[in-house]
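The values are calculated or read from the model by the stated rules, or taken from the named source; none is laboratory data. None of the values given here were measured: they were computed from a predicted structure. Because the Cβ atoms are built from the backbone with ideal geometry, glycine has one as well, and the counts that use them run over all protein chains shown.
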Ligand SMILES: Nc1ncnc2c1ncn2[C@@H]1O[C@H](COP(=O)(O)OP(=O)(O)O)[C@@H](O)[C@H]1O
Ligand SMILES: [Mg+2]
């Protein structure tokens, strides 16, 4: 039985242990399991309210969503100037087709801003709660440590998904208003309809969100190690930068396929006529491995840690 | 496992009559830096007691409480709450335990009420249906109803402490563990906390209340345990500790009668008689208090004042340790 399982309230009554095997007892256990599920939903909703309701977080997400608005506005303003079509990534295609603003915005956010957002979400989840001293009060309520960590991981992931969704939405709206949508010219030269292009952009956003799960797990593990949230943010951002640096060094080519960020920019697959699902699958598999390893570490640490804050 | 199971040692669950509500055996905590914060203590808090858990700053009270509640793992020894072993029995037993640990802590940007809603939502065994009412009652009880919608960060220290108490009272509790509940409160707030403790005890709850201020606790507790440098120096019923024969009788009289009063005391069998200004003091010992005044009157000593002084916990502590109640490393 897990620590957090729902229990009957009030003084326990005494009955032979064998009673647990009777149908009535089994039915009650079923009811308890159901109650536990309901209770986890309640815990998760409360956690989501806290995470999504935090002013600082809302402001950060809003700033992130301003990136496509800003880029779109700059492209629009310089469309007839000498700078037209210059810049990183897919920016030269934006003025021709507003849909490209989605890839452009995510391309610009992926190296630093999104990892920073992931780090903040991870830092707030456990270390933030420890530094505020609220962790000890949650645990003596009581709530099972594994359950609490699971709820916090889901809430942090939700925050990341919401942030990416808002960036995508802001890019779609800005792109449509400034440049309109048209048939999407793929990297390989062919083109697909605007509707298919729209769907591909959603694919890009979804892949980027899933690509960040490994880093989130790393951040959550760091978060269970300390009660200093800013330390977690710094360490997690450093991990993502380090991963990008290593990925750019041919000397360590052997480890490239296992790096957190190696497959991050494979979202460009969605812009090819033949999307290489195996490549995208590899990218997601790498994320899954990082989530498994660091999720387990976070769980092992958090379920045994002394809470002294 | 169902809640109807028996304990591994064969004893019945939970509320067996007479079983201590809090118990520990050789409970020890050595932190990773080598500091032994708690050093093999055997606590025993009987049902219905108001147990004053006393000791200077740094003597290991909070660490003990953290171990009892399952926040910190003991290096050695065992602990039970309401008959359940901790920390393994936490899910079963903690819903019946309200706790304040090392001061209140809440989300600063949520209101007092939203903070309590959060704690209640986390509680898998709390009936959701009654949540709003229970939260309202708890806020009412600590006098925070009017400020319930204010963000926590705007609360004064006293209001924060009250919200901490409200959180401990969200559900009916059999045991309340209150770590320094009067910290940071003004004298009025301290009195209110004492009143609340008495009230809760009156309703049948057992209360473990820690303090580094002996005088704040002296007046409410039925039992005391005194910590010093991680060790439990002494514990037991309050009255048994401040033993009756340690009480002093002090008589105020006219300067000319001091010697006579002193002789009378000696004749009665009082010990450690001392004259100080216009008063004569002596240890009461086994002498009945009722005999003192008549004897003085019979000897012609004008009794201007007669007072009985029981040793305070402070006196007791000094007696036990030969030292003052100072911070220990
Ligand atoms: N996390 C920790 N790491 C190392 N030492 C600690 C830690 N927490 C407390 N201590 C030490 O343990 C001792 C007891 O502290 P504590 O239980 O907080 O005492 P009290 O509550 O009686 O003031 C102190 O000397 C303190 O410095
Ligand atoms: Mg303390």
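Out of curiosity, is residue A:260 closer than 30 Å to residue A:195 by Cβ, out of contact with any strand residue (DSSP E or B) (no Cβ under 8 Å at 6 or more places or on another chain), surrounded by 18 or more Cβ atoms within 10 Å (Cβ to Cβ) and at pLDDT 95 or above?
No; evaluated as a whole, the condition is false for this residue.
All but one of (1) within 13 Å of chain A (Cβ to nearest Cβ); (2) more than 16 Å from ligand 1 (Cβ to nearest atom); (3) part of a helix (DSSP H, G or I); (4) modelled with pLDDT of 95 or more hold for residue B:173, so report the exception by its number.
Here residue B:173 clears every test but (3).
Where in segment B:39-106 are the strands (runs of 3 or more DSSP E), entirely inside, with at least 1 residues that are touching a residue at least 24 places away in the same chain (Cβ under 8 Å), more than 16 Å from ligand 1 (Cβ to nearest atom) and facing chain A (nearest Cβ under 8 Å)?
Those strands (runs of 3 or more DSSP E) span B:97-100.
Would you mind telling me which numbered condition in (1) within 14 Å of chain B (Cβ to nearest Cβ); (2) touching a residue at least 12 places away in the same chain (Cβ under 8 Å) residue A:306 fails?
(2)
Checking residue B:186 against (1) more than 16 Å from ligand 2 (Cβ to nearest atom); (2) modelled with pLDDT of 95 or more, which single condition isn't satisfied?
All conditions are met except number (2).
Identify, please: which residue in segment A:287-309 is surrounded by fewer than 20 Cβ atoms within 10 Å (Cβ to Cβ) and not in a helix (DSSP H, G or I) and is, among those, modelled with the lowest pLDDT?
A:309
Residue B:37: assigned by TED's automatic domain parsing to the domain that holds residue B:228, surrounded by 22 or more Cβ atoms within 10 Å (Cβ to Cβ), under 16 Å from residue A:136 (Cα atoms) and within 16 Å of ligand 2 (Cβ to nearest atom), yes or no?
no
Before we move on, is residue B:93 touching a strand residue (DSSP E or B) at 6+ places or on another chain (Cβ under 6 Å) and buried (at least 20 other Cβ atoms within 10 Å of the Cβ)?
yes
Here are some conditions: (1) over 22 Å from residue A:42 (Cα atoms); (2) surrounded by fewer than 24 Cβ atoms within 10 Å (Cβ to Cβ). Residue B:121 meets all but one. Which one does it not meet?
Residue B:121 satisfies every listed condition except (1).
Could you tell me which residue of segment A:123-138 is nearest to the other protein chains (Cβ to nearest Cβ), considering only residues that are under 15 Å from residue A:304 (Cβ atoms) and surrounded by fewer than 24 Cβ atoms within 10 Å (Cβ to Cβ)?
Ranking the candidates gives A:135 first.
Applying the selection to segment B:300-317, what residues are surrounded by 14 or more Cβ atoms within 10 Å (Cβ to Cβ) and modelled with pLDDT of 85 or more?
B:301, B:302, B:303, B:306
For segment B:292-299, check the following and say yes or no: at least one residue is at pLDDT below 85, surrounded by 12 or more Cβ atoms within 10 Å (Cβ to Cβ) and in contact with a helix residue (DSSP H, G or I) (Cβ under 6 Å, 6 or more places away or on another chain).
The answer is no, given that none of the residues of segment B:292-299 is at pLDDT below 85, surrounded by 12 or more Cβ atoms within 10 Å (Cβ to Cβ) and in contact with a helix residue (DSSP H, G or I) (Cβ under 6 Å, 6 or more places away or on another chain).
Could you list, in sequence order, the residues of segment B:53-85 that are at positive phi, within 16 Å of ligand 2 (Cβ to nearest atom) and at pLDDT 95 or above?
Within segment B:53-85, B:60 is the sole residue that qualifies.
Could you list, in sequence order, all residues of segment B:166-182 that are within 16 Å of ligand 2 (Cβ to nearest atom) and farther than 23 Å from residue B:118 by Cβ?
B:180, B:182
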